[in-house]
Amino acid sequence: MRNHLRTFLLLAALTAVFVGAGYAVGGPVGMLIALVLAAGMNLVSYWNADKIVLSMYRAQPADEHDPDPLVRNYAADVRELAARAGLPPPKVFIIDQDQPNAFATGRDPAHAAVAATRGLLAMLDRREIRGVMAHELAHVKHRDTLTMTVTATIAGAVSALANFGVFFGGRDEEGRPTGMLGAILVAVLAPLAAAVVQMAISRGREYEADREGAAISGDPQALASALQKIDAYARGGVYNPDAEAHPATAHLFIINPLAGKGGDNLFATHPSTENRVAALLGLAGEAARSPLRMRGGGTTAAPVTDRARSRAPGPWG
């Protein structure tokens, strides 16, 4: 209940940023228009969350009959993991991008979809892919997918509205133009405020999805290994052009697709990969000592760095 309240407050703050930017651009009339647009975007996002984000990445349906054995295994594993999590089978999609990454979307578990890039299937082994998709199914189970998609929609609109203000100038409280300086301030501060709210929503949910995903797969070390590999490829310059074109959607992915910069700081869309790995290794240690605590009770030998092993057990330790 506390998590839902926090999410509601953060989304309300994001809507307020959008409405405030509308007021700065067009005065009271601009504020009213922005309020109507925000309500409309939330409604459209609710009913079409999966279609919106999947179309941005030109995702294609995938199933167990695909000619590519990697895609067949991926689709079959998603359905099996969903059954273990007590979820309806989600729609499964593949994205034709080299960068290894994945996300989940949809308004609720009955209308959910998961998507993985071809790079993820090619660069990770099957255990690691299962770990990643269990993480995405955890987002579905926690009903994070609607919140994250609506957040992406409004954050993108805030940036677009702020850029619009540069060309048409801001207005004061009496509706008079405030000049280019005010418009530039709106263009800088409004997207920054939206980004802070967006990141606050995203970071805590990633830790929770890691924990629940490890429980679904029974293999926390596989997810830890997958996170390290995905992060390394992102830092190594394997880019996702569609993500670069839609930066407001970056928080949807399991690892930031825009740049390999990590860190639990104000401007990070994701927690530090190193912290996430350390937390998962802590869970793996608990599972080894008490296997019944993890669904599946899996123990693995996925490679992890000595540096990650030496860190504190993470946010749940």
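Each reported figure results from applying straightforward, stated rules to the coordinates on display, with no laboratory input. Just so it is clear, the model here is predicted, and its values are computed rather than measured.
Which of rounded, prolate, oblate describes the stretch 106-149, given a ≥ b ≥ c as roots of the alpha-carbon gyration tensor eigenvalues and a/c under 1.5 marking rounded, otherwise prolate only if a/b is larger than b/c? Mind showing how you got there, number by number?
Details: a/c = 3.00, a/b = 2.15, b/c = 1.39.
Prolate.
So which aspartates and glutamates pass the test for Lys229, namely a Cα distance under 12 Å, with those fewer than 8 places away in the same chain ruled out?
Here the aspartates and glutamates satisfying the reach criterion relative to Lys229 are Asp125, Glu128, Glu274.
Quick check on the stretch 9-127: take the gyration tensor over C-alpha atoms, sort the square-rooted eigenvalues as a ≥ b ≥ c, and tell me if it's rounded (a/c under 1.5), prolate or oblate. Write down the numbers at each step before the final one.
Working: a/c = 3.26, a/b = 2.42, b/c = 1.35.
Because a/c hits 1.5 or more and a/b exceeds b/c, the stretch 9-127 counts as prolate.
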